[in-house]
Structures are given as structure tokens and as C-alpha cells.
Amino acid sequence: MNYFSTRAKTRENEKTASQVIIRGLADDGGLYMPENIPQIDGGFIKGLCGLKYYERAAKALSLFLTDYTEQELLSCADMAYNYTFDGYNTKISPLKDGVRMLELWHGPTCAFKDMALQIMPKLLSKALEKTGEQKTALILVATSGDTGKAALEGYKDVKGIKIAVFYPQNGVSRMQKLQMATQEGQNVSVFAIIGNFDDAQSGVKAIFSSESVKKALEEKNTFLSSANSINWGRLAPQIAYYISAYCDLVNEKDITNGEKVNITVPTGNFGNIFAAYIAKLMGLPVNKLICASNSNNILTDFLSTGIYDRNRKFYTTMSPSMDILISSNLERLLYLVAGPEKTAFYMKELSEKGRYEVDKSALDKIKETFCAYFATEDECRKTIKETFDEQNYLCDTHTAVAMSAAEKFKNEHGCAKKNIVVSTASPYKFAPDVLSSLGRSAKNPDDDKDVINALSEYTKTAVPKPISELFGKKIRFDKVLEKTEMQSSVLEL
Ligand SMILES: *Cc1c(COP(=O)(O)O)cnc(C)c1O
């Protein structure tokens, strides 16, 4: 299967899956999309039901990454999923009103990004091997917190690859900062940026499109690649866990094979929910996709009105991984509902005016599948407390945004169908906000260790090992950069 840019579908720009994983972004600034969406049916799902997660993931990936052999994908998935996770890859917890909490944070950094970023470096290594690439790949990552750490863990000490991560100085949680600052590995660098996530992301994008940077790196036998969710190698592994979760529900006789489910996703860059959309287009029995946002509710507006307008206030919230005004992967949805020419036009409007409005036909297609809600900070806090008090289930701030959206969906549409609510991070990653939402406080609120212990004691839940182990580690990275210094810092690596 070949891949094309979301902004132009021509034979000249078609690429194989391994080329796409190496390149990340298309030359015209578009994102890569497969030429068609492979189809699955009840028989395929039944076949997966008896398999382990890594085998399911390899089978799902093989439908998209057709220039990899099944054996290669199985070996990548084995390395990614069978050694670094804490007991299981994904876990489903049943709650009331048909909510099925899909926990995706049992990997090495306690966020769902591990699901993709544990396997993507393996896919990239294989791709470099396949294409005979001799140069070093330099991975640049802009992060609002979780991507950075998950990418660092995935790429650390991988041969032929270096990685540099940029995060907004005041836009990530203390725990996320500590996770990144203490990162181990010989090939890693971490920088704080003075600005917000969109500044970090546009800085990285500017480096990618700079001819002078490209030349300078070429002289050092290095080329740039990306680990952000704009890379198809990030997106494809995310499709697998939706299919796998469906299999789990079938196995538990919670649903019958073929029964439709809703899926609620706490959304930032639109990668996770877009993977769910692809799963639906493949034939997974999905009814509605519920897009949950925090106070940065640009997607709530877009998915209901068709107008995307980033000329608005940016809020720093307690769900920082969703503090985004430019959701890059939305471009892939535009491509599917409006085609490449219009997508190129909308993206031009976005970069020139910060705003675009899609045609009615595109909006109608979007609304067939998507609904959108947002949660204020107060609603997020209230959801954490109620979910714990009433159902003895502890969720993090991002998951709470999704729970709040699921509740609003239920009030409007009922709960006849099971609703898979995606849980994207361990509550311990955002312990200060989770603890205060529960109406509790630690003796010393500025000491993260104290906060974590207080949360554990009060909720009688265990602190995940990757978090408890953090406090003994040495700080390796404390550099803070102006936006304008990003380019030169990359050249120094
Ligand atoms: C990245 C992240 C999100 C948002 O996911 P997108 O794919 O960017 O929409 C939500 N929650 C957590 C905890 C995250 O790390």
C-alpha cells in the first residue's frame, strides 16, 4: 500500500510505509495518508480474539505497513510490548452507565503515548535497514509533556538515531518535567522553551522546513525525522488498541461480535481519536466518536460548526497534554472528508488567517461520526471527585475531561451502547491536581513525593514503579531556550 500527502495526491509524491515512517512530514507540509483504508470484518475480529496484544498489534499493522513482513512486525511488536509494560498492555475497567474505561497507561512512562512510542523506534530502525539509509536520524519532538518522555524512553540508545525534545517551560506538570529532566541514554537531549506548546511545535515545524538546517545537517551526515503524532508510524499502532479493546469486550461477553460501541477520547493533537476513526472506517463496529476537550475547546467548536478559529485565548489547564490550539492530525480528517485540494486550501487559510471554514458537505460527513464536548476546570475537578467517591475509580485530569464528556453524551443520547472511554494517563502523573480535586492536601504540597504518597494513602491505590523510581534519579537536563534559539541548538547536537 502506498501513501500520499494530505495536500496533493500525485504519483510523484507516493511513498512506501517505511519511507513515510522515516520522513514524517511530506515535502509540501502535508501529512501522509494511506491510499485506501483496508477493511476488516467479524471474522478478522474473531481471529484476533484468541491472540495476545502484541500479536493483535502486528496483525493490525500488517494491513497498513505492507512493505514489512508479518515476521518483522511480530518481532517489532514483541520487543515493544512484552518487556517494558507493567503486567498488561491495556486494561478495561467497567464503570456504571455502560462506561468501559480503557486504560492505556501501563507502559514505561505511564501515559498512552507509550502504546505507539514503544513500537515506533523499532519500526523506524527496520525502515532505515530496508531503505539502506546510512545517515543518522535526528528525531525532533515538540511536546506538551507526555510525548516527550515517551519518545525519549522509546528512542534512548537506539543505534543510528538521536533525539531532541522541546517542551514549554511552564506548560507541563512538575512530574512530566522531572521525568524528562532525569532521562537516561547517550543519544538524548531535552530543552525547555519560553512559550507555550504551539510555540514549541511551530519552532520544530520551522526547523523541519528550513533548507539551511537541512544542508548543515547533511554535512554532518544527519537527517531530520519526527516522532510527533503527525508521523504515520505513531498513528498506525494506535489503531491496534481500539481493535484489541473491542476483542477484549467480545471475549468478556460484554458485547457480541458486531455490536456497535461508542468511543470517547480526551483529545489534543487529534491523533488518538483519529486512530479510532480509522478503526471505524476499517469496519470496526463503532457508532459515535466523542471528542473531549478542556477549556481550549477549539475542536468542540469546529466539530459542531465547521469553523476552525485559533484566534482565541490560550488556557493553561490541569490537563496540559490537551492544551493545544492547532490540532495537527485534524488535517487528516479534512483530507478524508474534503479531499487534498480543499485540505491544502484550508491549511493555507489557517497559516495566513488562523481560521478556516469547511463546506457543508464536509461538516455533514464529520457529524455522521463525531460529537464534541468540553469540560471546564471545575467540571474536571468535580468529575475526578465524583468518579472516585461514587465508583471508587481514580482517574487522571485528562481522563476526567473524557469522563465529563461521556456524561454529557449520556444526558443527550442515553447509554444503550457501551462507551469505551479512553484513559490516557496514570493519575500519579498529575498527582497534585488529582489530590486537590479529591479535596485532600499533602503536608508539603510543593514536595511531589509527599503529594504522591498522600494520594496513594487516601485512595489505597499503588504508585506505578516508573513514578516512584523517579525521585532517586539525577537531573541531567535543565537548559531553557528562547524560541529563536531552537534552530542553533539543533545544529549543535
Ligand atoms: C497526548 C495526550 C492526550 C491527547 O492525545 P492526542 O492524540 O494528541 O489527541 C490526552 N491525554 C494525555 C494524557 C496525553 O498524553
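Annotation for the range 29-121: chymotrypsin sites (Phe, Trp or Tyr not before Pro) lying in DSSP loop with at most 15 further Cβ atoms inside 10 Å of their Cβ are TYR83, TYR88.
The range 121-197: which trypsin sites (Lys or Arg not before Pro) are DSSP loop and have at most 10 other beta-carbon atoms within 10 angstrom?
Qualifying residues, ordered by number: LYS159.
Evaluated at q = 0.10, 0.13 Å⁻¹, the base-10 log of the normalised Debye intensity for the chain, with identical point scatterers placed on the Cα atoms, takes the values -0.71, -1.31. Total lysine pairs in the range 88-130 at Cα distances under 23 Å, for residues eight or more apart or on different chains: 4. Our coupling estimate for the range 434-448, obtained by passing each phi through the Karplus curve with A = 6.51, B = -1.76, C = 1.60 and θ = phi - 60°, is 5, 5, 5, 4, 7, x, 10, 9, 8, 4, 10, x, 8, 9, 4 Hz, Gly and Pro reported as x.
Taken over the alpha carbons of the range 127-247 as equal point scatterers, the Debye sum produces base-10 log I(q)/I(0) values at 0.18, 0.22, 0.23 Å⁻¹ of -1.02, -1.32, -1.37.
Is the range 139-190 best put as rounded, prolate or oblate by its Cα gyration tensor, with a ≥ b ≥ c the root eigenvalues, rounded for a/c under 1.5, and otherwise prolate when a/b is larger than b/c, oblate when not? It is prolate, given that a/c is not under 1.5 and a/b is the larger ratio. In order along the range 268-280, the Karplus-derived 3J(HN,Hα) couplings, from 6.51 cos²θ - 1.76 cosθ + 1.60 at θ = phi - 60°, round to x, 8, 6, x, 4, 6, 5, 4, 5, 5, 4, 4, 5 Hz, and Gly and Pro are given as x. Over the range 302-342, the alpha carbon radius of gyration divided by the compact-protein estimate 2.2 N^0.38 Å works out to 1.38.
The string of couplings for the range 182-193 from the Karplus curve (6.51, -1.76, 1.60, θ = phi - 60°) is 9, 4, 8, x, 7, 10, 10, 9, 9, 10, 8, 10 Hz, one whole number per residue in order, with x for Gly and Pro.
Counting only lysines at least 8 places from LYS474 when in the same chain, those with an alpha carbon closer than 23 Å to its own are LYS149, LYS156, LYS162, LYS177, LYS429, LYS449, LYS465.
Rounded to whole Å and ordered largest first, report the semi-axes of the equivalent ellipsoid of the range 360-399 derived from its Cα gyration tensor (root of 5λ). Intermediate values should be presented prior to the final figure.
Numbers: eigenvalues 198, 24, 10 Å².
For the range 360-399, the ellipsoid semi-axes come out as 31, 11, 7 Å.
Near the amide H of VAL99, within less than 5 Å, lie the amide hydrogens of ASN419, all on another chain or at least 5 residues away, with H placed in the peptide plane.
Take the chain with all the other protein chains still there, run a 1.4 Å probe, and you get 39 Å² of accessible area per residue. When the Cα atoms of the range 427-493 are aligned to their principal axes, the ranges along those axes come out at 48, 22, 18 Å in descending order. The range 286-323 and the range 1-54 have Cα centres lying 26 Å from one another. Out of the trypsin sites (Lys or Arg not before Pro) in the range 216-265, which ones are loop residues according to DSSP with at most 12 other C-beta atoms within 10 Å? Qualifying residues, ordered by number: LYS220, LYS253. Our note on the geometry: Cα centres of the range 460-493 and the range 189-240, 17 Å apart.
Counting only protein heavy atoms and using a 1.4 Å probe, what share of the accessible area of the chain belongs to carbon plus sulfur, as a whole percent? Could you put the intermediate results ahead of the total?
Numbers: 9020 of 19010 Å².
Carbon and sulfur together cover 47 percent of it.
Rounded if a/c is under 1.5, else prolate if a/b is larger than b/c, else oblate: which is the range 269-368, with a ≥ b ≥ c the root eigenvalues of its Cα gyration tensor?
Values: a/c = 1.86, a/b = 1.13, b/c = 1.65.
Cα axes put the range 269-368 in the oblate bin.
For the range 12-93, the C-alpha radius of gyration sits at 1.29 times the compact-globule guess of 2.2 N^0.38 Å, with N the residue count.
Multiplying each eigenvalue of the alpha-carbon gyration tensor of the range 40-181 by 5 and taking the square root yields semi-axes of 27, 24, 11 Å, largest first, rounded to whole angstroms. With loop membership from DSSP and a limit of 13 other Cβ atoms within 10 Å, the longest segment of the chain without GluC sites (Glu not before Pro) is 253-481.
Sequence gap at least 6, Cα distance under 8 Å: using those rules, report the relative contact order of the chain to the nearest whole percent.
Values: 966 pairs, mean separation 92.8, N = 493.
Relative contact order comes out at 19 percent.
Size descriptors for the range 211-306: radius of gyration and Dmax over Cα atoms are 18.3, 59 Å.
Relative contact order of the range 146-269, please, whole-number percent, based on alpha carbon pairs below 8 angstrom and at least 6 residues apart. Display every interim value, and only then the final one.
Values: 88 pairs, mean separation 23.6, N = 124.
Here the relative contact order equals 19 percent.
The values are calculated or read from the model by the stated rules, or taken from the named source; none is laboratory data. All of these numbers come straight from a predicted model, not from anything done at the bench. Don't worry about glycine lacking a Cβ; one is built from the backbone with ideal geometry, like all the others, and counts go over all protein chains shown. Just the protein is used for accessible areas: all its heavy atoms, side chains included, with ligands, DNA and RNA removed. Shrake-Rupley method; radii C 1.70, N 1.55, O 1.52, S 1.80 Å.
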